[in-house]
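Here is the structure we will look at.
The values are calculated or read from the model by the stated rules, or taken from the named source; none is laboratory data. Keep in mind that this is a model prediction, so the values were computed, not measured. Using ideal geometry, Cβ is built from the backbone for each residue, glycine included, and neighbour counts are taken over all protein chains shown. The protein model used for the area step is the full one, side chains on, heavy atoms only, and it has no ligands, DNA or RNA in it. Shrake-Rupley method; radii C 1.70, N 1.55, O 1.52, S 1.80 Å.
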Amino acid sequence: MPANQAFVTLATTDSYCMGALVVGQCLRRHRTTRQTVVMVSTNVSSQARAALGHVFDQVLVVDVLDSGDQAHLSWLGRPELGVTFTKLHCWTLTQYSKCVFLDADTLVLCNVDELFEREELSAAPDPGWPDCFNSGVFVFRPSLITHGRLLEHARQHGSFDGGDQGLLNTFFSDWAVRDISKHLPFVYNLSTIAVYTYLPAYQEYGHNAKIVHFLGSVKPWNLRSNSQTNQHTNSHLEEFVYQWWMEYSYLHHLLKTMSHQEPAVP
Ligand code: UDP
Ligand code: MN
């Protein structure tokens with residue numbers, strides 16, 4: 001069973017590849033029994049791809065403009081959804097029966113293989129509008145039929161927030177009310193902004209965090225040092241950014257040692 005289940009992430013730039021490397025590394029560190037897959041777009045450098053190849057079971061190059069006709073046509077009608085179409089590509093991974101998608105800006109803190117007990121589409125509430133799910137962590141079943149329907153939905157309706165989250169929420173539109181088992185606990189997608197919006201809850205429950213999500217414009221790979229995180233005046237956030245850099249540095253060192261040359265790390 002585990003062999004045909006996979007964690008999937010996505011990186012369309014070398015910066016997001018840094019995030020994806022940490023996602024893959026954390027899944028390994030916490031000994032997932034599932035496959036790990038990263039989808040990259042054609043513009044990602046060969047060095048970044050090589051580094052990802054050391055960490056993930058599968059590095060999949062996704063070219064939306066060169067994929068099936070329907071994807072291509074939908075893209076032509078909605079060019080603003082470029083990255084979103086690439087993300088939707090995860091539904092075509094039909095060699096797997098069930099997958100968990102993780103944004104490249106997530107930090108996995110423990111083994112989360114129990115997520116595979118959930119059904120499509122399971123996700124945690126978005127902190128900004130809890131009747132919407134956050135699309136940074138979700139359980140899904142690859143299916144070409146679903147993929148086709150998603151593309152058609154994108155072509156017809158676009159996305160109310162311009163990204164994959166708006167599109168997926170209007171597609172899986174009964175998520176809020178239909179089945180509570182499809183509501184992942186918030187600790188599986190602890191958005192760092194919750195630290196600001198509800199600090200007492202964070203202080204009470206934050207230690208239960210399983211996956212942290214650096215949602216928003218400030219990504220850990222853009223924060224080079226602790227002093228830079230200080231500007232955002234939150235020691236809790238700083239702790240997670242520090243942990244992210246620990247994982248990244250460890251990996252950087254490891255890949256460097258392996259190659260005995262310039263690290264193939266972005
Ligand atoms: N992404 C990417 N390249 C981009 C933007 C996004 O590969 O230029 C992927 C990446 O996996 C990222 C996900 O799409 O984690 C969602 O974007 P992001 O995390 O930036 O959105 P947020 O979670 O902040 O809303
Ligand atoms: Mn994200």
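The table that follows gives values for the structure above.
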| read-out | value |
| --- | --- |
| Inverse mean reciprocal Cα-Cα distance (Kirkwood Rh) of segment 50-188, Å | 15.8 |
| Exceeding the 22 Å Cα-Cα cut-off - candidates Lys98/Lys210; Lys98/Lys256; Lys219/Lys256 | Lys98/Lys256; Lys219/Lys256 |
| For His30, solvent-accessible area (1.4 Å; no DNA, RNA or ligand), Å² | 50 |
| Segment 14-77: C-alpha pair distances exceeding 14 Å, % | 59 |
| In Å², nearest 10: area of Tyr16 left accessible to a 1.4 Å probe | 90 |
| Model label zone, Asp179; criterion: amide N under 17 Å from point 7 Å along Cα-to-beta-carbon; scope segment 35-59 | none |
| Counted charge near Gly206, where neighbours are those whose Cβ lies closer than 14 Å (Asp, Glu -1; Lys, Arg +1) | -2 |
| Percent breakdown of C-alpha pair distances by 5 Å bin, ordered from the shortest bin, for segment 128-173 | 5, 21, 31, 26, 14, 3, 0 |
| Volume per residue that the Cα convex hull of segment 59-106 spans, once the total is divided by residue count, Å³ | 90 |
| Percent carbon-and-sulfur accessible area, the chain, ignoring ligands, DNA and RNA, probe 1.4 Å | 53 |
| Two-decimal Rg/Rh across segment 115-154, once Rg and the Kirkwood Rh are taken from alpha-carbon atoms | 1.03 |
| Percentage relative contact order, the chain, counting C-alpha pairs under 8 Å, at least six apart | 21 |
| Environment charge of Gly163, counting only residues whose C-beta is closer than 14 Å and scoring Lys/Arg +1, Asp/Glu -1 | -4 |
| Cα-based Rg of segment 137-257 normalised by 2.2 N^0.38 Å, two decimals | 1.33 |
| Percent breakdown of C-alpha pair distances by 10 Å bin, ordered from the shortest bin, for the chain | 7, 30, 37, 22, 4, 0 |
| Tail weight of P(r) past 17 Å, computed on alpha-carbon pairs of segment 1-111, percent | 52 |
| Solvent-accessible area per residue, Å², over segment 43-88 with all protein chains present [probe radius 1.4 Å] | 49 |
